[in-house]
1. Given N residues in the stretch 295-397, what is Rg(Cα) / (2.2 N^0.38 Å)?
2. Once the other residues with Cβ under 12 Å from the Cβ of residue 2 are scored (Lys, Arg +1; Asp, Glu -1), what is the net sum?
3. Step through the table entries 57/108; 25/57; 126/343, compare each Cα-Cα distance with 22 Å, and write down the pairs that go over it.
4. How would you rank 130, 308, going from fewest to most other Cβ atoms within 10 Å of each one's own Cβ?
5. Over 10 Å intervals from 0, what percent of Cα-Cα pairs in the stretch 1-76 sits in each interval?
6. Exposure proxy check: 193, 325, 109 ranked by fewest other beta carbons within 10 Å?
7. Going by amide H atoms built from the backbone, whose H comes under 5 Å of the H on residue 58, apart from near neighbours?
8. For the residues 188, 344, what sequence is obtained by ranking on other C-beta atoms within 10 Å, fewest first?
Amino acid sequence: MKLSIIIVNYNVKFFLEHCLLSVIKACKNLTAEIIVVDNNSTDGSKEYLTPKFPSVKFIWNTINVGFGKANNSAVFIAQGEYILFLNPDTILPENCFEKCISFFENNKDCGALGVRMIDGSGSFLKESKRSLPKASAGLFQMIGLTNVFPNSSLFSKYYAGHLPEKENNKVEVLSGAFMMLSKNAVEISAGFDEAFFMYGEDIDLSYRIIEAGLQNYYLGEVTIIHFKGESTQKKDDAYINYFYGAMKLFVDKHYKKTKIKRTALCMAITAGKSIAKIKNSFTSNYSKSLYHSSHNTVFVGEEKHYERIKNLLSTSKYLPQYFLDLHADFKMEEVKRFLTEKKINTAIFGGSEHLSNAAIIEKMQAVSEEYTFLFYQNNTESIIGSQSKNERGVFISNK
């Protein structure tokens, strides 16, 4: 067995459905297994997903044991030479696994790797490549210098801003949304520290992989979609408490012997948490969420799927007014011109033999962020998308 893909699910059955379909396509040319650990979802995930994916191994927890512990339980039964920890709100290109495994085989010092991630609007997610937490990095971020100098090795060190986003490089920290490890690295590191219930466990594991004498790599040549913001609303107090609590746990664990550095980091964490809560209290209730307004919509796909798309959209605020047929030499400029001429703000991609996931990922980045992208795959019961990494994703379904 070459690869084991482990996915932890919690109340995101429609996103997971799309994710699994993309994973299955990406597994076409290698031996692989898919293990889904469900953390006691209450959205009917078991009844919905089990009959659709008979080849997937499901573990159904009766309580929410947390991200790290759920992943570790799957590692125990995984047979792959490589282990991928993957978020359920992701869509992968068809050549993703082949490129990642090839990189491992050509770089023997590689213990773990991550990839370039974009959100549902096509924007690069900076957390795809990061450095270890430092007090100075936290300070620069809080006072806004990270945004002013996004490519600086000093002011944007936490997000490794000096490293080009489309190039491969060694990095200190990978994202748990897509984190592929060699089986050797998993065994040496002993997997995730289960003391981290949510957030911070990827930083901790990345740190321990380097401590073990291996390297973490960022693959800028591979891009996936991560509908960041789906599982957790990024601006509520619960998120703030979980996130900064995880950062404190990491510092307490790894900086015990360096009291000055530990004190500085703890002060930065406390300040960051306070500022985040202040910002949250002043945040307007207004949102440009996909739920809040009607959208003139075009379906970019094949005509035989158009009626199904209209049926799925029938109870939503999307107006399925237009259809744009695809062909083998399809170019994104056609969609851009069509969107402008018809004053359309939402494009639904999918349902075409000419439109692979890799093509969708490549082409959506060529369009301005003022548009909303939604995604449909053949035989799914839903359409999914996300306008912003800071807002919850949207799914449209009659189920």
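Any read-out appearing in this document is the output of simple, stated calculations on the displayed coordinates, not a laboratory observation. If you're wondering where the values come from, they're calculated on a predicted model, not measured in any experiment. Using ideal geometry, Cβ is built from the backbone for each residue, glycine included, and neighbour counts are taken over all protein chains shown.
1. Working: Rg = 12.5 Å, N = 103, 2.2 N^0.38 = 12.8 Å.
Ratio of Rg to 2.2 N^0.38 Å for the stretch 295-397: 0.98.
2. Working: positive: 183; negative: 33, 81, 98, 105.
Every neighbour counted, the sum reads -3.
3. On the way: 57/108 30 Å; 25/57 17 Å; 126/343 31 Å.
Among 57/108; 25/57; 126/343, the Cα-Cα distance tops 22 Å for 57/108; 126/343.
4. Working: 130 23, 308 18.
The order, fewest Cβ neighbours first, is 308, 130.
5. For the stretch 1-76, the pair-distance distribution reads 19, 55, 25, 2.
6. Details: 193 19, 325 13, 109 9.
Arranged by neighbour count, lowest to highest, 193, 325, 109 become 109, 325, 193.
7. For residue 58, the qualifying residues are 36.
8. With the fewest neighbours first, 188, 344 line up as 188, 344.
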